[in-house]
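The structure appears right after this line, and notes come after that.
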């Protein structure tokens, strides 16, 4: 039999590690939504003194790539300090899984974002308050590094799909170097909006396809 | 694919029937001439006769005249020839308005979208919760500029059968050309063009155990249609290109092998699966109408879980099915059909299509239901949606 995933992905998909919920979690986050196709919740327990992740669990409503990534990142993060756990990115997760098909990397990114958000949630609860800075082009570019170009499995900043970002009175205009009838046009647009719109001072995101 | 796989994705493609292959063989090895060489040598005459006979057999199954049926490379090409051909023929004479439904299969949908980009106006009719087009809405949408209505005979994903007789009558009364995509109904449901006023019908061989890469288009006499696949004068000068004679022969043999008893058999497997799943697995929804659906199709949403995970688990246990989940599609978009019948993304992502063929058995149905039950329970155990759902319900 042949499968579109590596042996390691299949192993984690079949028997995912660290599945479940921590009722009295020190930090938790849910990334994605049923609308975007994948959703993942991550829960962490952190040792106050050592700042090490004592326990970590995840739940996934998603495809094999999402489930397997949830399983591997919880394995990787367990026992690590939160500073070390922050360094786990999707590339490391993907390597640990023996690679993922390019079209599936965005599902892995979502799971990794879940881990980072759970850590941020822990820090916020600990009173490490992050101040509300006005959104800049740099902040948006940073967020867009989490939107994948499914054709190649790299983010849309690195693959140069973003031609212009402009912020004006809470309105963000983004020019995307794709034709409007591109295979992934609707999907990429949706993901950009999901990443940028939650920024506290952003009211509207407008995406223009400029390669028609 | 190994022999152990139980293939339940027969709306995507079917296993070739050995009898079809037997019928095709001589046209690869013995009678391999082109039909247009009939005035050159006798092999050409034999080729021409085989093509004519295949055409006659298929057109008579539609109660059509011989010259009203052309062979193509499949449904996609048939719908392209029909829709773009009519659009070209009538844009200067009548207008540029086309009507279709929101849940058509991709060939029709992307044909009209491409025409839209070229300046045509397209009305995409909504469908109701079962997938039916509202006939009054259709009537109201037709204007004097309307050149074509393209509405499928039955849906590729949810199997809902449209009332194409009523649609055809509306079109006939308003003098609008009517095209229907019958890829998933041809030979499965009665389709008689002497009784149903339809001008163009897309059909395909790959859904009925015939060869892939062969399809056909019924074109009622006097339908205005412009040829755009240029080249030779084959297929009554509507579709240029060397005729695929083994394919045509295989297609006609495949048509001859479908019987009413077989369709009843498919229906019994369909009903057995639907009843068992709806009764035995909680939080499931049947997509499409319970009875007014094609015999080979069942489509069910397993709530709180994602379809690609279901299909992969089933694959690892030896079953092939398909899903309307975004993760499964090449565009990463959720099924436009499930969204079209008013479903939300969650319903689309958790939808699984089971489609049957003559090579499936009732035991296959029982075993897939047993495994699906396991898989869905396991995936629900790890799904964060189960909690959210409980909260929703307690509200």
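Where a number appears in this text, it was derived from the coordinates with a stated rule and is not lab data. Note that this is a predicted model, so its numbers are computed, not measured. As a convention, Cβ positions derive from the backbone with ideal geometry for all residues, glycine included, and neighbour counts pool all protein chains shown.
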Okay, helix-only estimate at 222 nm for chain B: each DSSP H run of n ≥ 4 adds -39500 (n - 2.57), divide by all residues, round to 500 deg cm²/dmol; what do you get? -12500 deg cm²/dmol
Mind pulling the angle between the C-alpha long axis of helix B:245-257 and the longest principal axis of chain B? Nearest 10 degrees, somewhere in 0 to 90. 60
For residue A:168 and residue B:128, FRET efficiency with R0 = 56 Å and r from the beta-carbon atoms, rounded to 0.05? 0.85
Distance (nanometres) between label positions extended 7 Å along Cα→Cβ at residue B:236 and residue A:80: 6.8
If you take every DSSP beta bridge fully contained in the protein assembly as shown, what fraction is antiparallel? Give it as a percent rounded to 5. 65
Calculate, for residue B:362 and residue B:283, the FRET efficiency according to 1/(1 + (r/R0)^6) with r their C-beta to C-beta distance and R0 22 Å; round to the nearest 0.05. 0.30
Only counting other Cβ atoms within 10 Å, I'd like A:19, A:172, B:63 sorted with the fewest neighbours first. B:63, A:19, A:172
Computed over chain B: longest principal axis from alpha-carbon atoms vs helix B:385-394 long axis, angle to nearest 10 degrees, is 70
Place a point 7 Å from the Cα of residue A:159 in the direction of its beta carbon; the residues of segment A:72-108 whose amide N falls under 11 Å from it are A:102-106
Tally the DSSP beta bridges in chain A and give the antiparallel ones as a percent, rounded to 5. 75
With angles folded into 0 to 90 degrees, how steeply does helix B:307-316 sit against the dominant principal axis of chain B? Use alpha carbons for both and round to 10. 90
When B:153, B:345 are ordered from fewest to most other Cβ atoms inside 10 Å of their Cβ, what list results? B:345, B:153
Fewest first, what order do B:41, A:43 take by the number of other Cβ atoms within 10 Å? B:41, A:43
For segment B:18-257, give the share of DSSP beta bridges that are antiparallel, in percent and rounded to the nearest 5; count only bridges with both residues there. 40
Can you bin chain B into rounded, prolate or oblate? Criterion: square roots of the alpha carbon gyration tensor eigenvalues sorted a ≥ b ≥ c, rounded for a/c under 1.5, prolate for a/b above b/c, oblate for the rest. oblate
First measure r as the distance between the Cβ atoms of residue A:21 and residue A:181, then evaluate 1/(1 + (r/R0)^6) with R0 = 45 Å and state the FRET efficiency to the nearest 0.05. 0.60
Residue A:139 versus residue B:30, label points 7 Å from Cα toward the beta carbon: distance in nm? 7.9
Hey, got the average number of other protein chain Cβ atoms within 10 angstrom for residues in A:63-72? 4
Paramagnetic reach from residue A:204 in segment A:155-196 [backbone N under 13 Å; point 7 Å along Cα→Cβ]: A:168-174
Expressed in nanometres to one decimal, the distance between label points 7 Å along Cα→Cβ at residue A:132 and residue B:49 is 8.6
Length added when fully stretched, residue B:15-residue B:370, from 0.36 nm per residue minus Cα-Cα: 125.4 nm
On full extension of the chain, what length is gained from residue B:4 through residue B:141, given 0.36 nm per residue of separation minus the C-alpha to C-alpha distance? 44.3 nm
